Amino acid sequence: MNIPASNKPRVVIIGGGFAGLALAKKLKNKNVQVVLLDKHNYHTFQPLLYQVATGGLEAGSIAYPIRKVIQEYPDFYFRLTTIKEIDAQEKKVISEIGDLHYDYLVIATGSKTNYFGNKEIERNAMSMKTIPQSLNIRSLILENFEQAVLQREDSEKRLLMNFVLVGGGPTGVELAGALAEMKKAILQKDYPDLDISKMGINLIQSSDRILNTMSEKSSAASEAFLTGLGVKVWKNVRVTNYDGRTVTTNSDLTFETATVIWTAGVQGAAIRGLKAEALLEKVERIRVNEFNQVKGYEDIFAIGDIALMETPEYPQGHPMMAQPAIQQGQLLGDNLIRLIGGRIMTPFQYHDKGSMATIGRNLAVVDLPKYHFNGIFAWFVWMFVHLFSLIGFKNKAVVFMNWVYNYIRFDREGRLIVRPYKKRSFTTFTSDEI
């Protein structure tokens, strides 16, 4: 990888997501050499991917170059590559561009879409974990309407204008709300020769309420907001298959649709080479102790979505969200310096700052540790938090200006098919390929 030799301990970080960058920032100006590896040369602000998918934002406004983050960090290096395997015995990572030895290894590879083993759903549904996938969804949505204006049969028009979102978590809820707003104010102007009122937006949730990780008050409010926008919410329904045209469920309920967007689950993006006892196969997450050390290793750590730290408060691990990832990365930065200096490390304690979701214009729900509220004030809180969390002043300014313009004009300027999407054979790609 052409990394210069150093007499400093070498820390190798795999992944430039929330966890990996939080760790990198903590190691700035410390007596270590840091090498950051990622398959992208940019950091993605994943909470706003749904806005890229629905034309509200352009991809560049939620991405930030990793090299720009670390360009003023001494003895920091970035390499663009995909990791194939970890050789813990030789203390090296094996990648597409070569091998690299480490003194301390940190796995921050995040998560990927979980189809729960259903290969046909994986082949025919869309996922939304990366910017390219969001752009694919945007292209497919717009291509469906372009195809719908050409159809003579009403059944084919309905097929192209019917959307099924599987998974009632924040991503599914926010995407459903964005599609509903497109239906209400945008698509009818773009396609005057289509009866947009026949556009269907279906949100399917396998449990008895959407946003089931939030309070019951927020869950009920979000469902009321979605229903008011014309979204059909189906609860206690589990999707069993999708053949590219028909969605089947565990009941007699079926859906005819050309577009299924799968947000029903995630699993860790694991890497080969670790001991079997370190990996929980069902969710592909790596078991770690209270210091984020991987089970069975003293020099390998895991942080963020990939890490499974079992605690009395979180027996199945911390939520796979940005805040636990950021907090774990920040603490590990301090702990690595303590470990190198022969001092005792500090155990991780997650500080829940709350959760939130936006449903649409002036509509959002917010859960704080002691307060739960919804409506326009929650919407402003949601916007402020997400705007503040973006990396880079330019990104903050661009997103803010887009939001102001969209709010005043009730429009979404990013309705561009810049990269036409065509489904390919399942044998040629994986669900999270870019």
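On the basis of the beta-carbon distance and an R0 of 51 Å, residue 7 and residue 277 show a calculated FRET efficiency of 0.90. If R0 equals 45 Å, the separation of the Cβ atoms of residue 151 and residue 227 corresponds to a calculated FRET efficiency of about 0.95. Where the centroid of each part is defined by its Cα atoms, how far is the range 344-359 from the range 226-240 in Å? The range 344-359 and the range 226-240 have Cα centres separated by 29 Å. By the gyration tensor of its Cα atoms, with a ≥ b ≥ c the square roots of the eigenvalues, what is the shape of the chain: rounded for a/c under 1.5, prolate for a/b over b/c, or oblate? Taking the square roots of the gyration eigenvalues as a ≥ b ≥ c, the chain is prolate. Reducing the range 102-126 and the range 1-65 to their Cα centroids gives an inter-centroid distance of 18 Å. Listed by chain and number, the aspartates and glutamates whose alpha-carbon sits under 20 Å from that of residue 30, ignoring those within fewer than 8 places in the same chain, are 72, 75, 103, 299, 334.
Give 8/394; 26/217; 129/394; 217/295; 28/394 a once-over and call out the pairs whose C-alpha atoms are over 30 Å from each other.
8/394; 26/217; 217/295
Dividing the C-alpha radius of gyration of the range 1-94 by 2.2 N^0.38 Å, with N its residue count, gives 1.22. Using only Cα atoms, tell me the angle between helix 216-228 and the longest principal axis of the chain; keep it within 0 to 90° and round to the nearest 10. With both axes taken from Cα atoms, the answer is about 40 degrees. Across the accessible surface of the chain, with the other protein chains kept in place and a 1.4 Å probe, carbon and sulfur atoms take up 51 percent. The three principal axes of the C-alpha atoms in the range 10-57 carry coordinate ranges of 44, 19, 12 Å, sorted with the longest axis first. Quick one: grab the alpha carbon gyration tensor of the range 243-384, order the square roots of its eigenvalues as a ≥ b ≥ c, and give me rounded if a/c is under 1.5, else prolate or oblate depending on whether a/b is larger than b/c. Verdict is oblate for the range 243-384. Partner aspartates and glutamates whose Cα lies under 16 Å from the Cα of residue 353, excluding those fewer than 8 positions away in the same chain, are identified as 313, 367.
Axis of helix 393-409 versus longest Cα principal axis of the chain: the two differ by about 10°, to the nearest ten degrees. For the chain, find the longest principal axis of its Cα atoms and tell me its angle to the long axis of helix 131-148, 0 to 90°, nearest 10. In the chain, helix 131-148 runs at an angle near 10 degrees to the longest axis.
Accessible area per residue for the range 10-136 is 37 Å², calculated with a 1.4 Å probe on protein heavy atoms, without ligands, DNA or RNA.
Enter the accessible area per residue of the range 175-312 (Å², integer; probe 1.4 Å; all protein chains in place).
Using a 1.4 Å probe on heavy atoms only, each residue of the range 175-312 averages 44 Å².
Just add up the charged neighbours of residue 86: K/R +1, D/E -1, any other residue whose Cβ is under 10 Å from the Cβ of residue 86. Computed value for this residue: +1. Mind running the shape call on the range 308-407? Use the C-alpha gyration tensor, a ≥ b ≥ c as the square roots of the eigenvalues: rounded below 1.5 for a/c, prolate if a/b tops b/c, oblate otherwise. It is oblate, given that a/c is not under 1.5 and a/b is not larger than b/c. Cut-off under 27 Å on the C-alpha distance; same-chain residues fewer than 8 positions from residue 198 excluded. Which lysines are left, in chain and number order? Cα-Cα hits under 27 Å: 157, 183, 184, 189, 232, 235, 422, 423. Model label sites at residue 236 and residue 411, defined 7 Å from Cα along the beta-carbon direction, differ in position by 4.6 nm.
Any chance you could list P(r) for the range 189-317, counting all Cα-Cα pairs in 10 angstrom bins from zero, rounded to whole %? Going out from 0 Å in 10 Å bins, the range 189-317 shows 10, 27, 25, 23, 11, 4, 0 percent.
The values are calculated or read from the model by the stated rules, or taken from the named source; none is laboratory data. No experiment lies behind these values; they were computed from the predicted model shown. Heads up, the Cβs are rebuilt from the backbone with ideal geometry, glycines too, and the neighbour counts pull from every protein chain shown. For accessibility, only protein heavy atoms count, side chains too; no ligands or nucleic acids. Shrake-Rupley method; radii C 1.70, N 1.55, O 1.52, S 1.80 Å.
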